[in-house]
1. State the number of residues belonging to the stretch 62-107 that are touching a Leu at 6+ places or on another chain (Cβ under 8 Å) and charged (D, E, K, R).
2. Which residues, counting only those in the stretch 157-169, are touching a Leu at 6+ places or on another chain (Cβ under 9 Å) and either basic (Lys, Arg) or loosely packed, with under 14 Cβ neighbours inside 10 Å (or both)?
3. Scan the stretch 69-81 for residues that are free of Cβ contacts under 8 Å to residues at least 60 places away in the same chain and either surrounded by 15 or more Cβ atoms within 10 Å (Cβ to Cβ) or basic (Lys, Arg) (or both) and jot them down.
4. Just to be sure before I move on: is Thr152 without any contact (Cβ under 8 Å) to a residue 40 or more places away in the chain and closer than 25 Å to Asp191 by Cβ in the structure I sent?
5. Within the stretch 99-106, is even one residue modelled with pLDDT of 95 or more, over 14 Å from the mean Cα position of the chain (by Cα) and over 16 Å from Glu193 (Cα atoms)?
Amino acid sequence: MARKPVSTPPEAPSASVAKPVDPRRRAVDSLMKLAAERPWDQIELSDIATEAGLTLAQLRGLFPSKLAMLGGVTRIVDDAVLADSSDDLANEPIKERLFDLVMRRLDAMASYKAALRKIAPVIRRDPLALAALNRGAVNSWRYMLASAGIPTEDALGHLRVQGAVLLMARVSEAWLDDDEAELSKTMARLDRELKTAGRIMARVEDVHRLTAPFRGLARAICSGRPLKGRRRERASERGEDNEDYAPAI
């Protein structure tokens, strides 16, 4: 599969020329550092503030909760992937573009892998946390798909976005257990998931196309105006006022 490699973020410059790290990034990185070392439920907000060199008041101004900080990982990854976006694969099939996109996201998440391994089982047991993170993931993938030239704002856009979120979640499970440098298990899982997703979306698009006349009829009925009256209006607009021109109902 075609894949555009992503280099790991450069090492921080020396202190004499280092730029101040964004406090939000400091908070997120501190949480993930602690999560790699201890259980999720043993990490207190005060621990995160201390690790990040912030007061609790400053941390509160940045994030309302640990879960929000975990969601901040998504934003960091989004920024890295979008900054590295290009048109190199613009003419490739959608499957190739998605393959490249998912692998670049995983590359950007690599520094958080140890923490995510410990966090993932805890979050999977919390439906409310999963729902909250899903909202952030939907927003994230709306931009990811847009960066790959995949429509997100048409009638099926929401399905494409939510499908991408689920695909990423499934592939991430394999990635968290994949310690090979080449990530061959992860890429094999991604390839299978993309094939399945492609078949599902093809069926959805077929159904959407075939049911278009029925949706139009439903809208006509729900609008409250007689169907014959609307047809006459359209015929009048085209200069076809003859009653005999109107199609039979």
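1. 5
2. Passing the criteria: only Arg160.
3. Passing the criteria: Met69, Gly72, Val73, Ile76.
4. For Thr152, the condition - without any contact (Cβ under 8 Å) to a residue 40 or more places away in the chain and closer than 25 Å to Asp191 by Cβ - is met.
5. Scanning the stretch 99-106 turns up no residue that is modelled with pLDDT of 95 or more, over 14 Å from the mean Cα position of the chain (by Cα) and over 16 Å from Glu193 (Cα atoms).
The values are calculated or read from the model by the stated rules, or taken from the named source; none is laboratory data. All values derive from a computational prediction rather than experimental measurement. Please note: Cβ atoms are built from the backbone with ideal geometry, for glycine as well, and neighbour counts cover all protein chains shown.
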